[in-house]
Amino acid sequence: MGVDVNELWCIVERVRAAVGPAADRARKDGRPSVVAEELVAELCKLSLPEIVAFDQLFDDVRDQVDNWDTCAACWVVEHGFLSDDGFSDFGAGLVGLGRSAFEAAVTEPDSLQGNWASSSSSASWTYSRPRPSGSVTRTA
């Protein structure tokens with residue numbers, strides 16, 4: 001079984017549904033979002049080739065928001081602070097918001113203005129890639 005972009009979004013939506021309302025709340029303790037943690041747990045159920053395929057697709061999807069308009073939106077959301085890592089985390093957080101919010105941000109970054117979850121997406125989103133051994137490395 002391969003992982004395609006539709007399966008990537010199915011996994012993200014399944015994870016968001018599993019964590020419920022907490023999916024749109026940042027953690028105050030600086031830990032990764034519950035979506036990120038649940039995503040790692042979900043990925044650990046996949047085979048190594050599926051995890052690699054997911055990771056490559058995740059990067060491809062996140063690259064869709066790698067542009068100046070989204071960068072400006074991130075700068076506003078982050079109150080004027082922007083770094084390479086912060087912008088990467090912001091993009092990962094946008095994926096974690098789900099397909100509809102992500103696609104809206106791709107076409108119109110100003111759509112994030114009313115999405116209160118995006119205001120803390122980079123602060124609590126860290127996409128930790130599972131190691132082949134099944135252990136997880138925290139990247140923040």
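The values are calculated or read from the model by the stated rules, or taken from the named source; none is laboratory data. It should be emphasised that the depicted structure is a prediction, and the values quoted were computed from it without experimental measurement. All Cβ positions, glycine included, derive from the backbone under ideal geometry; neighbour counts span all protein chains shown. Ligands, DNA and RNA are stripped out before the accessible areas are found, and what is left, the full protein with its side chains, is counted by its heavy atoms. Shrake-Rupley method; radii C 1.70, N 1.55, O 1.52, S 1.80 Å.
Data for the structure
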quantity	calculated
Heavy atoms of E7: accessible area, 1.4 Å probe, square angstrom to 10	50
D55 paired with A41, simple spin-label distance in nm, labels 7 Å along Cα-to-beta-carbon	2.2
Label-point separation, E108 to R25 (7 Å along Cα→Cβ), nm	2.9
Simple label model, 7 Å out from Cα along Cβ direction - L48 to A18, nm	2.2
Average accessible area per residue (Å²) across segment 54-119 - probe 1.4 Å, nucleic acids and ligands excluded	54
Residue-by-residue Karplus 3J(HN,Hα) for segment 2-10, coefficients 6.51, -1.76, 1.60, Hz, glycine and proline x	x, 9, 10, 4, 5, 5, 4, 5, 4
